[in-house]
Structure formats: C-alpha cells, structure tokens
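Notes follow once the structure below has been shown.
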Amino acid sequence: METPQFQGTHLFDRLCWAKENLEPHQSDYRVVYEDSVDECAKILVPDPNWMACALQGGILPPVQVYWELAKDEAQPDFVKHTRGHLLHNTKPVEAMTEEQALEYLIMKDCPQHVWRDWDSGNKPKLVICRKEQLPATREWRNAWKISEELATDETVAA
Amino acid sequence: MALGKIKADTLEHSTAGSLDTKFVVRGSAKVWLRSTDAAVLTQSFNVSSGTDNNPGNYTYAFTNSFNYSADHGGIGAMAGPDNAYFRKAANNGPAGSLQVRGVTAPGTGGGPAGVDTECSLTIHGDLA
C-alpha cells in the first residue's frame with residue numbers, strides 16, 4: 001500500500017491512517033541498556049504499530065525532531081511545547097529496515113548519554129538482542145545486568 | 001491526504017442541546033495501550049515503545065508527544081488489573097513519555113511495594 005503524501009499532515013492523523021491500513025509488526029528484538037551502574041538493566045520493546053509505520057515509510061518524522069523537542073523540555077522555564085509543528089511539517093523519513101528502525105528508536109526513546117557513548121566502558125551500555133536471549137523468567141529481575149563477558153568491539157556491534 | 005472531511009464547530013441535538021466540537025477533539029484519548037508485565041505492547045495507539053525498567057516500573061514513550069509535561073498536568077489516567085494499581089512515578093516529567101508503577105495496595109504495615117503487572121491505560125490531553 002502506498003503511503004499518502006503526509007508532510008504537513010498532523011502526526012496524530014497519520015497514526016490514525018496507519019492504524020486503519022497497516023498490519024502491526026511485533027518485533028523479536030529487544031534493546032537492553034544500562035542507564036546507571038546502580039540500577040538493573042532496562043529492556044526496551046518496540047511497539048508493533050510504531051514498527052509498522054517505520055517499515056512502511058513516509059509517516060514518522062526524522063528522529064532529530066524529537067531531539068529538538070527534548071531540548072525545549074530541558075529548559076528550566078519550560079511549560080508548553082511551542083514547536084510541535086516540527087512533528088507535522090518536517091518531511092517524513094523513508095521506509096526503514098527493522099535494524100534501522102531499532103536504531104531510530106534507540107535514539108528516540110533511550111537516554112542520549114546511553115547511546116552516544118554506548119561503547120566507552122569495559123562492556124557495552126546497550127545491546128540489541130533477540131527476545132529469546134533474555135532470561136526465561138522474571139525471577140531476580142532486579143539483578144539483570146548486561147554480561148561482563150561482552151566486549152565493546154566490532155563483534156558486539158555486529 | 002485523501003480523506004473525507006466534515007468541518008463543524010458545533011454538534012446540535014434536536015432537544016438535548018449542543019456541544020462544541022473542540023470538546024470532542026480535546027476529550028478523546030490520545031494514547032491507549034495494553035501491555036504485558038514485561039512491557040510488551042499487545043494493543044496500542046500513539047506509542048513508540050514500552051520499557052521494562054525494573055519490577056513493576058515501566059515507561060511508555062509516545063510517537064506524538066503531548067503539549068505539556070506530566071508535571072504540568074497535561075496527561076494522566078491509568079488502570080491496572082487485580083490487586084495492582086498505578087501511580088505517577090517520581091521522575092514523570094517528559095511530555096513524550098510516561099513512567100508508571102504497578103504496586104500492591106497499601107497495607108497497614110508500610111507503603112506499597114512495586115510489583116510486576118499487566119497494564120491498561122488511556123491518556124488524555126493536548127498534543128504537541
């Protein structure tokens with residue numbers, strides 16, 4: 001199905017179109033990241049309807065738009081967004097592969113300090129894995145950490 | 001966008017009065033979701049991801065952010081099944097996401113404890 005020309009259309013209206021016309025895609029991948037050394041690992045799960053939009057193309061704004069909104073929110077006197085138009089008027093991104101969609105989602109929904117220097121320590125702060133690679137039960141969930149055996153080299157990134 | 005449009009500022013019933021359509025637009029849920037106790041979304045709208053932060057602590061990020069952050073009263077409304085309920089987490093600021101907790105009902109011996117739970121919620125408010 002061809003995506004309508006959505007630049008200038010409110011993002012919410014685009015999501016309504018996607019909900020009506022696209023099949024949700026439940027990803028088998030998970031993003032595991034450590035926000036703080038004192039906390040257990042967090043597990044990010046892509047939304048199936050969002051993933052369908054990413055794979056379809058022409059719906060989602062560039063991830064940089066979310067960074068701009070985040071900058072506004074970081075201001076001490078922030079009360080209300082005044083640049084929401086960036087979500088609606090910026091040219092939507094083209095269709096992504098699932099891998100590209102995960103990278104986009106990491107840059108949108110994970111803290112910047114995690115993904116900007118994910119490989120700066122002795123082990124990665126962030127890993128993409130298949131859901132089967134997570135512990136089978138949620139026992140000891142508070143103790144889940146990224147394995148110390150992983151190294152921050154090209155093997156991990158691949 | 002090739003969609004039919006009806007433009008109207010007011011809906012009027014023959015006997016029951018009239019309603020400004022801005023109440024319909026602003027009063028509609030802008031986010032709704034259902035997720036497992038591991039933040040896997042099974043039903044959703046306007047959500048980009050669920051994050052399982054730690055037991056009973058979840059973050060849901062939105063595709064179309066809200067206008068106001070949660071701290072400014074822009075968003076709210078949650079519900080959980082069985083003996084769990086949700087409340088705003090402390091760091092609940094961003095307009096582009098909401099952090100919620102599943103907790104047991106407060107007992108007489110102390111405050112509520114975090115507990116894994118499925119989640120169903122709708123969120124209302126003005127979008128960015």
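The values are calculated or read from the model by the stated rules, or taken from the named source; none is laboratory data. All of these numbers come straight from a predicted model, not from anything done at the bench. Positions of Cβ are backbone-derived with ideal geometry, glycine not excepted, and every protein chain shown enters the neighbour counts. Side chains are part of the model used for accessible areas, which takes the heavy atoms of the whole protein and leaves out ligands, DNA and RNA. Shrake-Rupley method; radii C 1.70, N 1.55, O 1.52, S 1.80 Å.
Couple of notes before you dig in:
- Qualifying positions in region A:1-20 - open to solvent by less than 40 Å² (accessible area, probe 1.4 Å) and at pLDDT below 95: none
- Top-ranked residue in region A:104-127 [being more than 19 Å from A:Ala70 (Cβ to Cβ) and among the polar types (S, T, N, Q); ranked as nearest to the chain's Cα centre (by Cα)]: A:Ser120
- Any hit, region A:5-15, residues being touching a residue at least 60 places away in the same chain (Cβ under 8 Å), within 8 Å of chain B (Cβ to nearest Cβ), touching a Lys or Arg at 6+ places or on another chain (Cβ under 6 Å) and within 16 Å of A:Lys108 (Cα to Cα): no
- Residue match in region B:16-27 (condition: touching a residue at least 12 places away in the same chain (Cβ under 8 Å) and under 30 Å from B:Gly102 (Cα atoms)): yes
- The listed residues are A:Lys80, A:Lys91, and the only one of them that is in contact with a strand residue (DSSP E or B) (Cβ under 6 Å, 6 or more places away or on another chain) and not hydrophobic (A, V, I, L, M, F, W, C) turns out to be A:Lys80.
- Some residue of region A:112-124 being open to solvent by 60 Å² or more (accessible area, probe 1.4 Å), among the aliphatic types (A, V, I, L, M), touching a residue at least 60 places away in the same chain (Cβ under 8 Å) and within 17 Å of A:Tyr33 (Cα to Cα): no
- Of the residues screened, A:Glu23 is one that is open to solvent by 50 Å² or more (accessible area, probe 1.4 Å) and out of contact with any Phe, Trp or Tyr (no Cβ under 8 Å at 6 or more places or on another chain).
- Selected residue [open to solvent by 10 Å² or more (accessible area, probe 1.4 Å) and either polar (S, T, N, Q) or within 11 Å of another protein chain (Cβ to nearest Cβ) (or both)] from A:Lys80, A:Lys91: A:Lys80
- From the options A:Glu103, A:Glu39, A:Glu99, A:Glu73, residue that is open to solvent by 60 Å² or more (accessible area, probe 1.4 Å) and either farther than 30 Å from A:Ile146 by Cβ or facing chain B (nearest Cβ under 9 Å) (or both): A:Glu39
- Qualifying residue in region A:48-58 (condition: more than 7 Å from chain B (Cβ to nearest Cβ), within 25 Å of A:Trp140 (Cβ to Cβ), of a type outside the set (Gly, Ala, Ser) and open to solvent by less than 50 Å² (accessible area, probe 1.4 Å)): no
- Test: B:Phe45 is open to solvent by 10 Å² or more (accessible area, probe 1.4 Å), touching a Leu at 6+ places or on another chain (Cβ under 8 Å) and at pLDDT 90 or above: yes
- Complete set of residues in region A:44-72 that are closer than 18 Å to A:Trp115 by Cβ and of a type in the set (D, E, K, R): A:Glu68, A:Lys71
Conditions (1) modelled with pLDDT under 90; (2) open to solvent by less than 70 Å² (accessible area, probe 1.4 Å); (3) at the interface with chain A (Cβ under 7 Å from one of its Cβ atoms), marked per residue:
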site	(1), (2), (3)
B:Ile6	yes, no, no
B:Ala16	yes, no, no
B:Asp20	yes, yes, no
B:Arg34	no, no, no
B:Asn54	no, yes, yes
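- In this structure, B:Lys7 does not qualify as within 15 Å of A:Trp50 (Cα to Cα) and basic (Lys, Arg).
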